[in-house]
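Encoded as structure tokens, the structure appears first; notes follow it.
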Amino acid sequence: LVLQAAFNLLIPDHAADAFSPPRPVGAGGWDSLLERLLGGLGRWDAEHFLFIAERGYLLEHNCAFLPLFPLSLRALCGLLPCPVPLQPRALLLLSAALLNALLSALAAAALLRLGRAVLRRPRLAFLAALLFSVSPAGVFMAAAYSESMFAALAFSAMWRLEQGHGWLGAMLFSLASGTRANGMLNAGFCLYPRARSLALQLQAGPGPRRQLRVLWKRVFSLAFSAALMCAGIFLPFALFQYYAYVRFCGPGAALARDIPEALLQLARDKGYRVVGVGQDKPPWCSQRFPLVYSYIQDTYWNVGFLRYFELRQIPNFLLALPVTLLGSWAAWTYVSTNPRHCLTLGLERRRSEERGKARDGFCGPAAFVYVVHATALLVFGFFCMHVQVLTRFLGCSSPILYWFAAHLLQEHEPLLRSTGTDHPTSGKPLLGKSPSSCGKGTSDNPVVRLLLNWRLLTPLSKSILGFFLGYWLLGLILHCNFLPWT
């Protein structure tokens, strides 16, 4: 927060061709102060979230942003004590800073618990949670974006599923799908354990459970619970599509009132569709399945398969290259380590599991569904989305980015394996680790220790930490001044 305020003051804002609603004139001194201190949190898509929280879904293309985060901002505004008069935007910026500070901390805590449950290596899970705290998508975790809320809900849901709390996990996934549309893909986390449970039962030896009636009863029970969970996860997105249809396509939709003339003029200049202003119905209203979300992505932002593959987009592909390489490397490492497990989709009972000695760590069988999920997001984002959003897309949706980076550091960095105060290979004294902390597991901060001993690190460790911290800092500099970091 301090750095974004400093960069926002020192660097002039770029005149970007982005959504920028008109601001009311006559802002007071407190409003100007908050704009100077927190204005960097309201750039690019944050303008949409702040506008929705203040005025609702007045513009058609605002419907690409799902409602849970802006509704939470509006609710928090109503709860915050305000001893000085503030305009809505200033109060919303303050609410966004406070809310996302809390949510990003909750997301890190949920990722720590999830890592302990899946990886079964506390030090690895702790290192991954620390890496999340300096995520390359860090600026989006602080800005008025929905990334922190989505990460907190998704990681918490995954952790609850690992604990066996299926319905609580599904409820959290449902809230996540009301935050971001890709939350619907999380239904796979509810489906896979049930499919695997059924497959393992079919492989069980002869006995009463193999009887046809019992088997069909169990199949029906698993299918019914999976269908209910998936319906609950899809429901928020479906309800919002219905809300948009009624608002923009319904014959009885009331005309919008109290819309400032400056906003109407902006809509005329930019070609935005305003609710209830006497225009023809949007073309998506006549589709067999009227989905405003896919229409906006297609019409306003030209999102689609291979549409971004143009020569002028090479700089954006270069920005996405580190996370693409890291995600691809994670998938290849897992598949090459567990080829049979991947070919059978993890549905085959393994001898190690029967003996209760399944492998732990990143390459363990428990991480399979997370690797599949991350790979699916990576492939879809690379070929079908604006590729520059891939870093934040993966950074808030999947733990694999942090688990694999932590796995590489643990496996290939001798400094993390040292138990004394000297480097295990060079014998040089280490900074950031006192003799009193030796042997106490996670009593010291491994990321800080690595940074303090930067010259002793391996090239791989420098590359990983350089990517995380470099993008963390570069994102603050560029995003907060409307430069191309979206």
Sole residue being at pLDDT 95 or above, over 30 Å from Ile296 (Cβ atoms) and open to solvent by 30 Å² or more (accessible area, probe 1.4 Å), chosen from Ser463, Ser426: Ser463
Filter segment 24-77 down to the residues that are modelled with pLDDT of 90 or more and among the β-branched types (Val, Ile, Thr) and list them by number. Ile52
Selection within segment 455-472 - more than 15 Å from Leu131 (Cβ to Cβ) and not hydroxyl-bearing (Ser, Thr, Tyr): Arg455, Leu456, Pro459
Restricting attention to segment 36-47, which residues are open to solvent by 10 Å² or more (accessible area, probe 1.4 Å) and either of a type in the set (Lys, Arg) or under 21 Å from the mean Cα position of the chain (by Cα) (or both)? Arg36, Arg43, Trp44, Asp45
Any idea which residue in segment 388-423 is least open to solvent (accessible area, probe 1.4 Å), counting only those that are modelled with pLDDT of 90 or more and acidic (Asp, Glu)? Glu413
Selection count where residues are in contact (Cβ under 8 Å) with a residue 60 or more places away in the chain and under 18 Å from Asn445 (Cβ atoms), scope segment 100-124: 6
Return a yes/no flag: does segment 54-62 have any residue that is touching a residue at least 12 places away in the same chain (Cβ under 8 Å), more than 18 Å from Ala16 (Cα to Cα), of a type in the set (A, V, I, L, M) and surrounded by 20 or more Cβ atoms within 10 Å (Cβ to Cβ). yes
If we ask which residues in segment 429-460 are among the hydroxyl-bearing types (Ser, Thr, Tyr) and at pLDDT 90 or above, their number turns out to be 1
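The values are calculated or read from the model by the stated rules, or taken from the named source; none is laboratory data. Remember, it's a predicted structure, so these values are computed and weren't measured experimentally. Here the Cβ is made from the backbone with ideal geometry for all residues, glycine too, and neighbour counts use every protein chain on show. These accessible areas exclude ligands, DNA and RNA; they are computed on the full protein's heavy atoms, side chains included. Shrake-Rupley method; radii C 1.70, N 1.55, O 1.52, S 1.80 Å.
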